[in-house]
Ligand SMILES: Cc1ncc(C[n+]2csc(CCOP(=O)(O)OP(=O)(O)O)c2C)c(N)n1
């Protein structure tokens, strides 16, 4: 019956139908042919459910299976040893401390899926080609370590320190390049990030080749995910891009063990069929690997098609039962009519229990992988049916608790050993020892020979590109931004676009710059780049753009440099991540600049940004239209008053909120130096604003202060008895400057400080504080913040376009009165002036805050504050913006 559906059992008849169709196309055209086919389908649909799902059986029929090229017995023995060590690693970790965690069940279900890839498909980097990229399902990591252990890349001690990393001897819980920079390439364990990263990586690989940044290659991206993981919206988000771009360098392997953490993924349905529909609908090549070879004789015997009919109707919750409850249960409940019972009458219950699923059969998996690797013009998904906790028996096989199995008792361990005929001694089992056969054993020899034949190790992370570090142009390259703009009023966004243009024109760096925008280039005034460097499109431009006559027309090109990702912040970020890690993944250091609405950054794709830190990404994120009151008209959903706080949660993200073009130039220059000359594994977040004003020339000796986060912008011409220090950043620094003349009316003088980075100041202050704390006998050190402010006169008033806590984060390090103004509360649309009044960060509130601080210090009487309130028209009973 299977063959009747997927294999041509009557080629002559098929030929006649196809010929008839061909004749219709020739004589009457394609439209008529489509009409006829549609009618045929409708006819079929009347009686049968006809969808884009194929029958519940393997896509590759047994007659089309290629010969398995490996030594299947040896591979089974190796598989068994890997299974053993993977389980032992988790069990031993539990013995040390039951809170350490770990997973046995996931890898137990996917071991064969990895084995076949490692033994036959995944190429290590060699002279000939750059090696394949594997996105591992995060909690399958014990199995990956176990293989590395057999290969000799990881030692006994490291295995015993699984999930104990503080002293650096151990192995990470999951794939984390930050923690194992020589090993893991891609952080995947936050479900849904892997699939999107993989899609955009595969597309980025095309970009690299199309732009002649790397030679043509047949490198593939293999992405492993769970069937439960496919419920994360992100997991499906890249599918249409992958098919639209015909990414045949991309293969998804979905481990369909039918279970997630709590229980079945689709107990009432068939997840494999559902996924097939989704992927087919998105234009992917779908290969289902549902049944193992043990079923082949049954299919052959089943002349009535009873088996497939039954398979089609059983739901996943019931399939789970068959594996949890064994052969007798399966006979009674699956083979539940005379035709079906007859099919297995010659089998014992045990044999029925052993009827295997496709994902556990190396031959079936091999056939699928080969077809996927050779498939052209489409990405491929392999839907492999497996059993969660396969082989764990009573310890968790197909049980709802399988995900959390971390312990196995001796009886269960012995059964596990017998089940896979693991070649280890009883003592090894009793002690749950790791086991690696002798170097000269056939298993190790085979394992190593396979890797050698495939170009060496595949799971290796390059820590540094092999090419020479780039020579960063001198800061004077940005001389236009360092000079004053005079009458000309520009925004920092405009200044950024000019800096970017300078970099793109740089003879050495230019081609490595990767500008990325999610459908906002015009918002940021970047449309000039469309014509200049082109928008990347693998297929070039097949149409004449509507604005072809204009200077800045919409130019798509195969060599285009800009990645225009549509309104897909997560997609744009995934592209940025691929570019930002190209130094490692592609041995080609790139300098990506991803510019977006700052509100749709960290809070929208925060988990990706976290993964970027983990990935040791290097590049620039530009949070444009930033500042709660600066992006005034767009209202509540758009106005960002906290992206810097979110940026500060990522340990290796360096963030700045510059006010002036010269500050921006210095910061970008500094970022280039740190990331691309000194090779530091950090990335930069810089906010840009859309408010236009004139920019001064860079003050003498300001550069270091700009980089460290704080410098004196203007000292008071005449210091009064009532004197304050005013601090500000971003556009609100302009309000701070404007407060000066208001204060003068009250005979208060002020020094003005530009704070380019509250976040960087805090990092430095924290580290100094910690050093002082731990060195009681040594003279205390001073943070840069204290260096600048400790000896200044008067209280400190800081104002920003971000929540108060942004500036307030420096409070613990300042021994002075420190008052912070900020934009707590939801944004709303209005003029900038009104908004700044609403959030109490305008010049009047700043001036008033300074006077009130002087009152609180005892420098001025309270009556002055009252007078200032009236003078500045501040209503003390106005609603608090934080809660209105
Ligand atoms: C975004 C996210 N949410 C929750 C988790 C916790 N988690 C880890 S594994 C898992 C279940 C995974 O099920 P599935 O994808 O089917 O994988 P498998 O059954 O193969 O383990 C969950 C919820 C996570 N890692 N990431």
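The values are calculated or read from the model by the stated rules, or taken from the named source; none is laboratory data. Here the structure is a predicted model, which means the values were calculated and not measured. Cβ atoms come from the backbone with ideal geometry, glycine included; neighbour counts cover every protein chain shown.
Is it fair to say residue 247 is within 19 Å of residue 566 (Cβ to Cβ) and in a loop (DSSP other than H, G, I, E, B)? Answer is yes for this residue. The residues of segment 461-479 that are surrounded by 11 or more Cβ atoms within 10 Å (Cβ to Cβ) and without any contact (Cβ under 8 Å) to a residue 24 or more places away in the chain amount to a single one, 479. Residue by residue through segment 371-393, note down the ones that are away from the ligand (no atom under 16 Å from the Cβ) and touching a helix residue (DSSP H, G or I) at 6+ places or on another chain (Cβ under 8 Å). Listed by number, the residues that qualify are 373, 378, 379, 380, 393.
Being on the phi > 0 side of the Ramachandran plot, surrounded by fewer than 24 Cβ atoms within 10 Å (Cβ to Cβ) and either within 16 Å of the ligand (Cβ to nearest atom) or assigned to a helix (DSSP H, G or I) (or both) is true for just one of 117, 101. Which residue is that? Checking each option against the conditions leaves just 101. Which of the residues that make up segment 120-149 are within 16 Å of the ligand (Cβ to nearest atom) and part of a loop (DSSP other than H, G, I, E, B)? Correct list: 136, 137. Exactly one residue out of 294, 276 is outside any strand (DSSP E or B) and farther than 19 Å from residue 64 by Cα, and it is 276.
Tally up the residues in segment 200-238 that are free of Cβ contacts under 8 Å to residues at least 60 places away in the same chain, assigned to a helix (DSSP H, G or I) and away from the ligand (no atom under 16 Å from the Cβ), please. Counting residues in segment 200-238 that are free of Cβ contacts under 8 Å to residues at least 60 places away in the same chain, assigned to a helix (DSSP H, G or I) and away from the ligand (no atom under 16 Å from the Cβ) gives 1.
Applying the set (1) under 22 Å from residue 237 (Cβ atoms); (2) in contact (Cβ under 8 Å) with a residue 60 or more places away in the chain; (3) out of contact with any helix residue (DSSP H, G or I) (no Cβ under 6 Å at 6 or more places or on another chain) to residue 294 leaves exactly one unmet item: (1).
Of the residues making up segment 853-880, those that are touching a helix residue (DSSP H, G or I) at 6+ places or on another chain (Cβ under 8 Å), in a helix (DSSP H, G or I) and surrounded by fewer than 21 Cβ atoms within 10 Å (Cβ to Cβ) number 5. Looking at residue 193, is it within 16 Å of the ligand (Cβ to nearest atom), under 18 Å from residue 144 (Cβ atoms) and buried (at least 17 other Cβ atoms within 10 Å of the Cβ)? The answer is yes for residue 193.
Residue selection: residue 242 satisfies the criterion of being in contact (Cβ under 8 Å) with a residue 12 or more places away in the chain, farther than 20 Å from residue 114 by Cβ and more than 12 Å from the ligand (Cβ to nearest atom).
Residues in segment 250-267 that are in contact (Cβ under 8 Å) with a residue 60 or more places away in the chain, away from the ligand (no atom under 11 Å from the Cβ) and surrounded by fewer than 21 Cβ atoms within 10 Å (Cβ to Cβ): 0 in all. Of the residues making up segment 604-625, those that are away from the ligand (no atom under 16 Å from the Cβ) and more than 18 Å from residue 676 (Cβ to Cβ) number 3. Looking only at residues of segment 646-677 that are part of a loop (DSSP other than H, G, I, E, B) and either at pLDDT below 95 or touching a helix residue (DSSP H, G or I) at 6+ places or on another chain (Cβ under 7 Å) (or both), we find that the one that is surrounded by the fewest Cβ atoms within 10 Å (Cβ to Cβ) is 651.
Every condition in (1) modelled with pLDDT of 95 or more; (2) more than 16 Å from the ligand (Cβ to nearest atom); (3) under 26 Å from residue 239 (Cβ atoms); (4) not in a helix (DSSP H, G or I) holds for residue 174 except the one numbered (2). Within segment 280-289, restricting attention to residues that are away from the ligand (no atom under 16 Å from the Cβ) and crowded, with 20+ Cβ neighbours inside 10 Å, the residue that is nearest to residue 386 (Cα to Cα) is 288.
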